[in-house]
Amino acid sequence: MVHALGNPGPGGWGAILMYQDHKKEISGCQKDTTNNIMELTAVIEGLKLLKHPCKVSLYSDSAYVVNGFLQGWIYNWIKKGWKTADGSPVKNKELWQELYHLTQTHEVKFIKVKGHADNEFNNRCDELAREAISSIRS
């Protein structure tokens, strides 16, 4: 989950990794960023913590990230040399490349959840992101 104050502007991200009875919360922030960068960063940082190849159910309220895989955007970008359908360069290319690489290590199932709704873990990620932003604002 991501929270940004202004776009661009200060931004934070939060993620929760869960396996059986174990749960780890992580978060971070940047002083000058965008929602899209924070959304990608949350997913990347979570996947980077996995020590072995895993089967991952990745829940996100980010249509940007989820649709990148479920609608095949990323595969088309790769085929076109990291260009969009209109031929322009893919924004946040380096982050998309890093995420794509991680999905080659881990078997990732992307699942879209509604943001700011009744999903307790998504809401907690939003809290983590807001707390991270607070750390750079104070």
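What follows is calculated from the coordinates using simple rules that are stated; it is not laboratory data. Nothing here was measured: the structure is a model prediction, and the numbers come from that model. Here the Cβ is made from the backbone with ideal geometry for all residues, glycine too, and neighbour counts use every protein chain on show.
Just tell me which lysines come within less than 26 Å, Cα to Cα, of LYS51; anything on the same chain fewer than 8 places away is out.
Leaving aside lysines fewer than 8 places away in the same chain, those within reach of LYS51 are LYS23, LYS24, LYS93, LYS109, LYS112.
Gain in length, LYS80 to LYS114, computed as 0.36 nm per residue apart minus the alpha-carbon separation, to one decimal in nm? Spell out each step's value before the answer.
Working: separation 34, 0.36 × 34 = 12.24 nm, distance 3.10 nm.
Full extension from LYS80 to LYS114 adds 9.1 nm.
Per residue of segment 61-69, what does 6.51 cos²θ - 1.76 cosθ + 1.60 with θ = phi - 60° give for ³J(HN,Hα)? Whole Hz please, x for Gly and Pro, Karplus curve as stated.
Values per residue, Gly and Pro as x: 8, 8, 4, 4, 6, 4, 5, x, 9 Hz.
Suppose R0 equals 30 Å. What FRET efficiency, 1/(1 + (r/R0)^6) with r the Cβ-Cβ distance, do CYS54 and GLU25 give to the nearest 0.05? Mind dumping the intermediate values first?
Numbers: r = 18 Å, r/R0 = 0.60.
Calculated transfer efficiency: 0.95.
Modelled label-to-label distance, LYS91 and GLU107, 7 Å Cα→beta-carbon offset: nm?
My value for the distance between the label points is 3.4 nm.
Considering the Cα trace of the chain, what is its radius of gyration and what is Dmax, both in angstroms?
Cα-based Rg and Dmax for the chain come out at 14.9, 46 Å.
Within the set of other residues whose C-beta is less than 13 Å from the C-beta of LYS83, count the net charge using Lys and Arg as +1 and Asp and Glu as -1. Before the final figure, lay out each step's value.
Numbers: positive: LYS79, LYS80, LYS91, LYS93; negative: ASP86.
In short, +3.
Got the relative contact order for segment 2-137 handy, in percent, Cα pairs under 8 Å and 6 or more residues apart? Don't jump to the answer; show the numbers that get you there.
Values: 210 pairs, mean separation 47.8, N = 136.
Relative contact order here is 35 percent.
Please report, in Å, the Rg and the Dmax of segment 1-70, where both are computed over Cα atoms only.
12.6, 37
On average, how much area does the Cα convex hull of segment 37-98 cover when viewed from any direction, in nm²?
Numbers: hull surface 18.4 nm².
Directional mean of the projected Cα hull area for segment 37-98 stands at 4.6 nm².
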